[in-house]
1. Sum -39500 (n - 2.57) across every DSSP H segment of at least 4 residues in the protein assembly as shown, then divide by the residue count to get the 222 nm mean residue ellipticity, nearest 500.
2. Using a 10 Å cut-off around each Cβ of peptide B:76-89, what is the average number of partner chain Cβ atoms that fall inside?
3. Under a straight-distance cross-link criterion of Cα-Cα below 21 Å, which lysines are reachable from B:LYS99, leaving out those fewer than 8 residues away in the same chain?
4. Which whole number gives the average, over all residues in A:63-73, of C-beta atoms from other chains lying within 10 Å of the residue C-beta?
5. Taking just the C-alpha trace of region A:111-173, give me its Rg and Dmax in Å.
6. From the phi angles alone, apply the Karplus equation (6.51, -1.76, 1.60; θ = phi - 60°) to region A:49-62 and give each ³J(HN,Hα) in whole Hz, x where the residue is Gly or Pro.
7. Looking at the protein assembly as shown, what % of its DSSP beta bridges pair antiparallel, to the nearest 5?
8. Quick one: which residues, 5 or more positions from A:THR51 or on another chain, have an amide H under 5 Å from its amide H? H modelled 1.01 Å from N in the peptide plane, none for Pro or chain starts.
Amino acid sequence: MLSATNLGILRGERVLFEGVSLSVAPGEAVVLRGANGAGKTTLLRILAGLTRPEAGHVDRQATHHWIGHREGLKPHETPRAHLKLWAQAWGSDADIDAILGEMGLSRPSEVAARYLSAGQRRRTALARLMLDQRPLWLLDEPFTALDAEGREQLLALVANHRQSGGAVIAAIHGDAGFAASREVTL
Amino acid sequence: MSPKPILSAFRQALSESWAGGAGALLPLGFFAGAAVLVPLGIGTEPGMLRAVGPGILWVSLALSSLVTLERIFQADVEDGALDLWLQAGAPVSAIAAAKTFAHWLTAGLPLALMSPVLALMFQAEAGIGLLTGPLIYGLGGLAFFFWGGVGAALSATVRRGGLLIALIALPLYVPTAIFGSMAMRGAALGDTAPLLLAASTLFALAAAPFAMAAALRLAAD
C-alpha cells in the first residue's frame, strides 16, 4: 500500500533521521517508536506527503486518512458541522448521526469545539476515519487525551479496519493495545 | 479531481469569518475611521477634498484589506486544518483562492459598498461616480485581498506576521492603486483606466493562487 525507502531529513543543521525504510501491506499495522523529538511526527508527515524528505522516496499506492496531533477543528465548529463539512468535501454519504453516536459524541454534537474537552476534540477528529473508506490510516499519537472507553473504541476501529484489509501506520508511545506487524524505531 | 473540497473550503472560510463576530466588521470600521480622519486633518475646503478624496479612499482601502488577512491561513496552520486541506485531493491553489475569495466577500465587499458614503464626505458629486464607485473599489479590493493573501500565506507560520504581510503585499498593490485612482478620477487614460484596473485584478486572480499554494506547502513542510 505504501513503501518508503531510505528516507532522511534535516531539521535546521541537524540530521533528524536517515536511512529509514518501511512498507505496509493490507491488514498490517506499523508502529513508529522513538523518544520525544526523534522524528516520529516528521516521518508520518513525509509518508502523508506533507513534508518533503531530503533523501529517499515514498511510493503511495492507496489513499489515506490523516489524524495529526492538531485535530483540524475550527474553534467555532461543532462536531456535527466538522463531520458534515468533511463528508461534503470527500463526497461521502455516511450517516453522520450514527458516527457521532458510535464515537460517543451525540451529547456534545452541537457544542463549538472551543468548549469541547481535549478528548472530545480527539474523538471528533477520529470520527473522520469513518466518513470515507480509505485503505491506509496515518495516526499521530491517536490515543492522546482519550479516556479508557475512547481507547477501546479506537482499538475496535483499528481492528475492524485491519480485518477488512486496511492498514495503519501509527506513532505511539507506550502500549499500542493492538498487535503490531512491525515496529520502526527512530 | 472533484470540485467538492474547493466548495467546502469556501464554506468553512465563510463560516469562520462570520463566527469571528466582529472580525468582518473590523476592516469596515478601520476603513471608515481612516477616511474620516483626513477631512478633519486637512480642512473642509470642498475643492481640495474633491481632489484628494479618491486617493485617500484607495489608501484606506489598501490598509483596511490588511487588517484581518493575518488570520486566514495562520489559523489553519495552528489548528491543523491546513494539513487536511493539503490532502483534500483538490489543487491547493484552488483551495487558497476559494478561501481568499470567501474572505473578500465578508471583509472586502462591505468596504466597496460603503465607499459611496465616504465619497460623499469628500464632496464627490452624487451621480454616476457614486454608482461606479463600489464597482471600482470592489474590483481593486479583490486584487488587494488576493495579493494580501500571498503575504498571509508566506507569513502563516510567523508570529505577529501582520506587519510582514504589509511589507510583502503593499508593493504588489501598486498597479491596482495606480489604475484604481485613475479610474476614479476619470483622468489621464480616461475610459481605459477601469479596463486596466480590471486587467490587473484578473492578473491577481490568476497569479496569486499559485503563489499562495507554494507558500502554504512550505508552511506545512
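1. On the way: 16 runs with 227 residues, N = 407.
Mean residue ellipticity, 222 nm, calculated: -18000 deg cm²/dmol.
2. 6
3. A:LYS74, A:LYS84, B:LYS4
4. The shielding value for this peptide is 4.
5. Considering region A:111-173 through its Cα atoms, Rg and Dmax are 12.0, 37 Å.
6. Going residue by residue, I get x, 7, 10, 8, x, 6, 9, x, 8, 10, 10, 9, 10, 9 Hz, with x marking Gly and Pro.
7. Expressed as a percentage, antiparallel bridges in the protein assembly as shown total about 40.
8. Under 5 Å from the amide H of A:THR51: A:ILE46.
The numbers here are math on the coordinates, done by the rules we state, and not lab data. Fair warning: this is a prediction, and the values are worked out from it, not measured in the lab. Positions of Cβ are generated from backbone atoms using ideal geometry, with glycine treated the same way; all protein chains shown enter the neighbour counts.
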